[in-house]
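The values are calculated or read from the model by the stated rules, or taken from the named source; none is laboratory data. Because the structure is a prediction, the values reported are computed rather than measured. Positions of Cβ are backbone-derived with ideal geometry, glycine not excepted, and every protein chain shown enters the neighbour counts. Side chains included, ligands, DNA and RNA excluded: accessible areas come from the protein's heavy atoms. Shrake-Rupley method; radii C 1.70, N 1.55, O 1.52, S 1.80 Å.
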Amino acid sequence: MLIIQLSDSHLKADPAGVYRDVEVEARLISMLAVVAGYQPDLIVVSGDVSDDGSLASYQRAAGHLDALGCRWVWLPGNHDHPATMAEVRALEPIIHLAGWQILLLNSWVEGEEGGRLGRQQLAHLDAQLAGEASPALLVLHHPPVSVEADWMNEIGLEDREAFWAGPGRSDHLQAVLCGHIHHEMTCLHQGVPVMSVPAIAAQFVPESQEFAVDSHAPGGFRLIHLGVDDAGQPRLSTRVEYVPVQQPG
Ligand SMILES: [Fe+2]
């Protein structure tokens with residue numbers, strides 16, 4: 001089974017809208033054309049679908065995703081407006097596929113760039129991991145780890161210690177996927193791989209101590225193959241595919 005993770009399209013109400021020198025809707029459309037060639041079983045969009053939280057931006061994003069003809073879900077990032085998003089497509093907290101549980105968390109906090117899961121959502125996660133033994137893939141917008149950039153850590157996941165302190169994290173979580181940092185990253189935390197994906201919109205410069213954008217760096221998406229082997233062990237393999245930026249003219 002193939003899941004494709006996309007993130008951070010930052011669409012605007014205006015279809016010609018630009019995010020940090022990138023015409024984001026054109027970038028989304030060209031990326032989805034590459035994604036379509038893989039015919040994934042599920043697409044997960046890990047937040048910042050919209051840059052301005054407008055209904056029009058969500059309607060157009062949903063239209064482009066619907067046109068692929070495969071199942072897709074989204075979850076909110078800090079730039080999103082979850083209630084408006086849910087008017088267009090409900091936020092699903094869990095999906096079961098191929099013997100796995102895919103957990104979709106909401107780290108949005110009104111008016112803040114950083115994220116927080118909150119006690120109630122963490123309690124639900126604790127209960128879910130305690131009650132179901134199937135391997136879990138967890139997706140949220142804000143990385144639940146510190147990254148090699150201080151400015152980004154200041155707008156990271158505020159309650160990440162509480163996230164990792166709960167039961168079942170190292171036992172059941174096979175991987176955590178996130179967006180928000182606008183570049184590819186992989187790290188291990190408590191033995192669990194935590195991986196981000198490049199943005200659809202402009203990329204941030206990795207390991208920069210100050211906010212820095214590389215509008216010419218290619219965007220990309222993550223392919224995640226999930227399964228269970230003959231011995232009943234979960235199997236996951238993943239890679240990022242980059243989509244070259246089309247230079248105008
Ligand atoms: Fe973003």
What distance in nm separates the simple spin-label points at residue 164 and residue 110, each placed 7 Å from Cα in the Cβ direction? 3.1
If amide H atoms are built 1.01 Å from N in the plane of the peptide, which residues on other chains or at least 5 residues away come under 5 Å of the amide H of residue 72? 43
Note down the net charge around residue 218, summing +1 for each Lys or Arg and -1 for each Asp or Glu among other residues with Cβ under 13 Å from its Cβ. -2
Carbon and sulfur: what percent of the range 50-103's accessible surface (1.4 Å probe)? 56
DSSP loop (so not H, G, I, E, B), at most 15 other Cβ within 10 Å: list which chymotrypsin sites (Phe, Trp or Tyr not before Pro) in the range 18-74 pass both filters. 38
Relative contact order (%) - the range 1-98, alpha-carbon pairs under 8 angstrom, separation at least six: 31
Taking H placed 1.01 Å from N in the peptide plane, check which residues at least 5 places from residue 23 or on another chain put their amide H under 5 Å from its amide H. none
Please calculate how many Å² of accessible area the range 2-243 carries per residue, with a 1.4 Å probe and no DNA, RNA or ligand atoms counted. 42
Springs between alpha-carbon pairs under 10 angstrom, Gaussian network model over the chain: which of 183, 225, 124 fluctuates most? 124
By the Cα gyration tensor axes a ≥ b ≥ c (a/c under 1.5 gives rounded; else a/b larger than b/c gives prolate, otherwise oblate), the shape of the range 161-249 is oblate
Take the alpha carbon gyration tensor of the range 1-140, find the square roots of its eigenvalues, order them as a ≥ b ≥ c, and report rounded if a/c is under 1.5; if not, report prolate when a/b exceeds b/c, else oblate. oblate
When a/c reaches 1.5 or more, the comparison of a/b and b/c decides; with that in mind, is the range 68-174 rounded, prolate or oblate per its Cα gyration tensor? oblate
Calculated from backbone phi, Karplus (6.51, -1.76, 1.60) coupling profile of the range 66-83 in Hz, x at Gly/Pro: 4, 5, 6, x, 10, 5, 9, 9, 9, 9, x, x, 5, 7, 7, 10, x, 5
Can you give the relative contact order of the chain as a percent, counting alpha carbon pairs under 8 Å and 6+ residues apart? 20
Under 11 Å, Cβ to Cβ, from residue 53 - net charge with Lys/Arg +1 and Asp/Glu -1: -4
3J(HN,Hα) from dihedral phi, the range 194-209, Karplus parametrisation 6.51/-1.76/1.60, rounded to Hz, x for glycine, proline: 10, 10, 10, 10, x, 6, 6, 7, 4, 8, 8, 7, x, 6, 8, 7
Suppose only helical runs count, i.e. DSSP H with n ≥ 4. What mean residue ellipticity at 222 nm does that imply for the chain under -39500 (n - 2.57) per run, divided by all residues and rounded to the nearest 500 deg cm²/dmol? -6500 deg cm²/dmol
Theoretical gain in end-to-end length, residue 94 to residue 228 [0.36 nm per residue, Cα-Cα removed]: 46.4 nm
Return the single residue from 196, 30, 50 with maximal mean-square fluctuation; model: Gaussian network over the chain, springs between Cα atoms under 10 Å. 30
